[in-house]
Each structure stands twice: as C-alpha cells, then as structure tokens.
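Any read-out appearing in this document is the output of simple, stated calculations on the displayed coordinates, not a laboratory observation. All figures in this text were calculated on a predicted structure; none of them were measured in a lab. FYI the Cβ positions are ideal-geometry reconstructions off the backbone, even for glycines, and counts take in every protein chain you see.
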Number of protein chains: 2
Amino acid sequence: MTADRWTDVRRRLRSRGLRWTPQRRIVLEVLDDLDGHVTGAELVESCRAVDPATTPSTVYRTLDVLEELGIVAHSHGREGREEYHVRPAANHGHLRCTACGTTWDLSEPEVRGLAAGLFGRRRFEVALEHLTVEGRCAACRIVDA
Amino acid sequence: MTADRWTDVRRRLRSRGLRWTPQRRIVLEVLDDLDGHVTGAELVESCRAVDPATTPSTVYRTLDVLEELGIVAHSHGREGREEYHVRPAANHGHLRCTACGTTWDLSEPEVRGLAAGLFGRRRFEVALEHLTVEGRCAACRIVDA
DNA sequence: ATTAATGCAAACGGTTTGCACTACT
DNA sequence: AGTAGTGCAAACCGTTTGCATTAAT
C-alpha cells in the first residue's frame, strides 16, 4: 500500500523526462474525484475550487500529456463536447440519457454482441472507450408518458 | 413526380408561417449533395462555393429551423463536433473509422441486438440517430499491421 | 403591409499558442 | 544548471446574437 495514489504516474512521467508538478497533481486528483464525464472547461472550473490560480492552458496541456501516457482518456459527451476521465482498469463505453443527462458505464459484455456482429460482417473493430450510446433512460421514459 | 424536390419542405415551412428563401434552398441542396456528415463550418464553406455571399449566421439559423421541422438531423462527428445531414426516410446510426475518417451508415437491424439488450436489462431506449460507433475499419486494420 | 429572414459586425465560449518566467530534476 | 512546465495575454475557431435592412408572403 503506497502512501500516494499517484506514485506510479509520477514514475511514468519521470521515465520520459517529464515532471510531476503541483498543478498536474491537482488536475489528476480533481479529475479522479469527479469520476469522469467532465469537459475541459468544467475541469478548469473544478480545479479553481481547489486552487483559484488554476489556468486553462495548464489544464489542457496536462490533459494532453496524461492522455498520451494513457492515464487519462476522453469520450464523446453532451453537445458533442469531449469529456475526460481517469482511465479505469477496464475499458468501458457510456450510456447517456439525453433527457436527464445521467450517464452510466457500459461494460464490454454488454456491447459484445454489437462488436462481434460488426467485426463478423464488416471486419470493423469497435473502440469501446469511444462508444457513447444515447437515448432515454427508464425514469425519463416514464415521466414523458 | 414533382418538378422540385423541395416543394414539400416549402409547404411545411409555409404552414408554420415560415418562408422559403433562396438561401434556405442553397443550404438544403448543398447539404443534400454532401450526403451527410458535414459540420456547420464545412457547410458554410460548401455553400460559399455555390453562393459566395453565404453568411454563417444564415446557415446556422437555417439548420435550426430545418432541424426543428425534422428535415435535417445531426449526429456526433469527429472531434466531438456536430455533423448535419438531410434526414433520410429511415433513421440510422453511424460507424466511423478513427484512422481514415470514413463513415458508414448503421441500419436498425445491425443495432437491434444492442438496443434490445439495453432495453431488456435497463429499460433504456436507444436513440439510433444519435449513435456513432467508432473504431477501425477493415482496411485500416490491415494497414496498421 | 406585414413580419420573417438576411447580412453585418460584434460578442461569445471553449481551446490553443507564443513567450518570458518559474521551478522540478 | 538545464530544460520542462507555468501563467499570462492574445489569438483562434466555430457558433451565436442584436440590430437595421431586405424581401417573401
């Protein structure tokens, strides 16, 4: 059990000659807390709550490097904007209700049929981490009659 | 067989007290020619080829009204940008190769399994017209070894 | 004649960039 | 000491808005 959740990240940065800075730590911690589905602008906002001096450029640049290292990933969010999240052990897609905006994770088994079909018929390899399925959730279907 | 492909659109606009203008006609014709998957900015560009006087505001406002009438629809495109297309008779999703950018239509039967599963398990109703599945196509999978 | 639609120019919001300065290593 | 990273301010791009003018009905 390590004292710091991010020691591994720090090591990966260093091994590439990159650096572990307070700003990067804040971005990563905030992003992790938010538990995914956050746009760049929202992340800037949330980071300011922790450190009011947070700058957009730093946040976006941090997202870039962390994404390059595979620590952060993005998926397609509402209004066609990118949404970032700390990359989980297993890839997953997203299910979003267009009415209430709630999102759920979509696990590999749930998409296996679709992926298998597309691969079989078209030799197309689905990128689960970029899959966002939109529609209306159970609750909203009831509300809207 | 009508002389003009858009007489019906014209009628639908008029019935709501809206108007059929040369600009709207250009937007619709160009959008139809481009056969879907066009961002707003690209559409402005293409319209300028037909009429150099084309203005962004007019194009975007036209997309809004035509979408409200159900004549135009948008889906999630590359870089998380919205892509517009003239709405076809049958709803369809999209399949995009992230490597070469090519997109294919995804018909209802191809997604039926996924939709049925999500509805059965989660009572979630998939909006096919907003579904974009990303991944790598057969050709790009071969190229990348 | 009425009023919807246009064109312009300006504003907007999110993101990116150049550059001098700071600070991790 | 060396160089990656920061912060600022300005640029950028796609999109939206207010307003006076034009034109479809």
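Listed values, structure above:
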| read-out | value |
| --- | --- |
| Spin-label pair B:Asp32/A:Phe119, simplified geometry with 7 Å Cα→Cβ offset, distance in nm | 4.1 |
| In sequence order, calculated HN-Hα J values of the range B:46-55 (Karplus, 6.51, -1.76, 1.60; Hz; x Gly/Pro) | 5, 5, 5, 5, 7, 9, x, 7, 4, 10 |
| Residues whose placed amide H lies under 5 Å from that of A:Ala99, excluding near-sequence neighbours | A:Cys137 |
| FRET efficiency estimate (nearest 0.05) - Cβ-Cβ, B:Arg16 to B:Val143, R0 45 angstrom | 0.35 |
| Highest-MSF residue in chain A out of A:Leu18, A:Leu128, A:Leu28 [GNM, Cα springs under 10 Å] | A:Leu18 |
| Percent RCO, i.e. relative contact order, over chain A, from Cα pairs under 8 Å lying at least 6 residues apart | 19 |
| DSSP-defined beta bridges in the protein assembly as shown - what % are antiparallel, rounded to 5 | 75 |
| In Hz, Karplus ³J(HN,Hα) per residue of the range B:29-34 (6.51, -1.76, 1.60; θ = phi - 60°; x = Gly, Pro) | 5, 5, 4, 5, 4, 5 |
| MRE, 222 nm, helices only [DSSP H, n ≥ 4, -39500 (n - 2.57), over chain A, to nearest 500] | -14000 deg cm²/dmol |
| Projected label distance in nm at B:Ala89 and B:Arg25, using a 7 Å step from Cα toward the beta-carbon | 2.6 |
